[in-house]
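Trainee: Quick one: structure below, then a few questions.
The values are calculated or read from the model by the stated rules, or taken from the named source; none is laboratory data. The structure presented is a predicted model; accordingly, all values stated were derived computationally and were not measured. FYI the Cβ positions are ideal-geometry reconstructions off the backbone, even for glycines, and counts take in every protein chain you see. Protein only, heavy atoms only, side chains kept; ligands, DNA and RNA dropped before computing areas. Shrake-Rupley method; radii C 1.70, N 1.55, O 1.52, S 1.80 Å.
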Amino acid sequence: MPIQQQFRDAMSNLAAAVNVVTSGGEAGTVGLTATAVCSVTDSPATVLVCVNRNSASNQIFKDNGRICVNVCAAEHKEMSMHFAGMTGMAMEDRFQLPGWEFNQHGVPILTDSLATLEGKIASVSEVGTHSVFFVEVESITTTESDALVYFSREFKSVEATRKMPEVA
């Protein structure tokens, strides 16, 4: 078996948060579902996002220079499928679904996501088939809900830890 297939099979065993990564601006409005999102540092607050160079969204992300990472809640499974291109829904129709707002830069924000990390692309590295975007985060919102993860090539829910009431 080729190492590329072994690598993909191994990565399917790495449970990962599901994110809808969006951009908006003069180059257009796009989004895609990504699990290749990772924190880099908190000073300055930076995340990395890996996007296939063959993706139609890749150049639009670069041209707009701004990205929002929308961390999906369990209820966003269908939304994630739309942005993964699994349902055939057109890009412009995806942003007509409930929950989308646009920030002052025209970047779509999924208002009921677990977290939104809005920022500007600080740098890009080209590695093999992917562009690695380093996004300097300028604005963050969070909510509490169950999470959506991708594991063993399936979407799964992870229950949020519920805070126990304090005993007097």
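Trainee: So which of Ser113, Ser131, Ser123, Ser139 ends up being hydroxyl-bearing (Ser, Thr, Tyr), more than 11 Å from Val69 (Cα to Cα) and out of contact with any Lys or Arg (no Cβ under 7 Å at 6 or more places or on another chain)? Full working, then the answer.
Mentor: Details: Ser113 fails: more than 11 Å from Val69 (Cα to Cα); Ser131 fails: out of contact with any Lys or Arg (no Cβ under 7 Å at 6 or more places or on another chain); Ser139 fails: more than 11 Å from Val69 (Cα to Cα).
Going through Ser113, Ser131, Ser123, Ser139 in turn, the sole match is Ser123.
Trainee: Just a yes or no: is a residue in segment 5-25 open to solvent by 20 Å² or more (accessible area, probe 1.4 Å) and of a type in the set (Val, Ile, Thr)?
Mentor: no
Trainee: Suppose we filter Ala10, Ala56, Ala36 for residues that are under 15 Å from Val149 (Cα atoms) and aliphatic (A, V, I, L, M); which single one remains?
Mentor: None of the other options fit; the residue is Ala36.
Trainee: Out of contact with any helix residue (DSSP H, G or I) (no Cβ under 6 Å at 6 or more places or on another chain), within 15 Å of Ser131 (Cβ to Cβ) and open to solvent by 50 Å² or more (accessible area, probe 1.4 Å): which single residue out of Asn58, Asn54, Asn64 fits that description?
Mentor: Just a single option satisfies the conditions, and that option is Asn54.
Trainee: Could you tell me which numbered condition Arg8 fails, if it satisfies all but one of (1) free of Cβ contacts under 8 Å to residues at least 40 places away in the same chain; (2) closer than 16 Å to Ser139 by Cβ; (3) basic (Lys, Arg)?
Mentor: (2)
Trainee: Identify, please: which residue in segment 28-51 is part of a loop (DSSP other than H, G, I, E, B) and more than 25 Å from His76 (Cβ to Cβ) and is, among those, least open to solvent (accessible area, probe 1.4 Å)? If you could, list the steps in order and put the result at the bottom.
Mentor: Here is the first cut: in segment 28-51, the ones part of a loop (DSSP other than H, G, I, E, B) are 28-29, 35-36, 43-44.
Next cut, more than 25 Å from His76 (Cβ to Cβ) only: 43-44.
Details: Ser43: 92, Pro44: 70 Å².
Applying the filter and picking the extreme gives Pro44.
Trainee: Sticking with this structure for a sec: Of all the strands (runs of 3 or more DSSP E) wholly in segment 69-168, which have at least 1 residues that are surrounded by 14 or more Cβ atoms within 10 Å (Cβ to Cβ) and touching a helix residue (DSSP H, G or I) at 6+ places or on another chain (Cβ under 6 Å)?
Mentor: Details: elements: 100-102, 108-110, 115-127, 130-142, 147-151, 154-158.
Result: 130-142, 147-151, 154-158.
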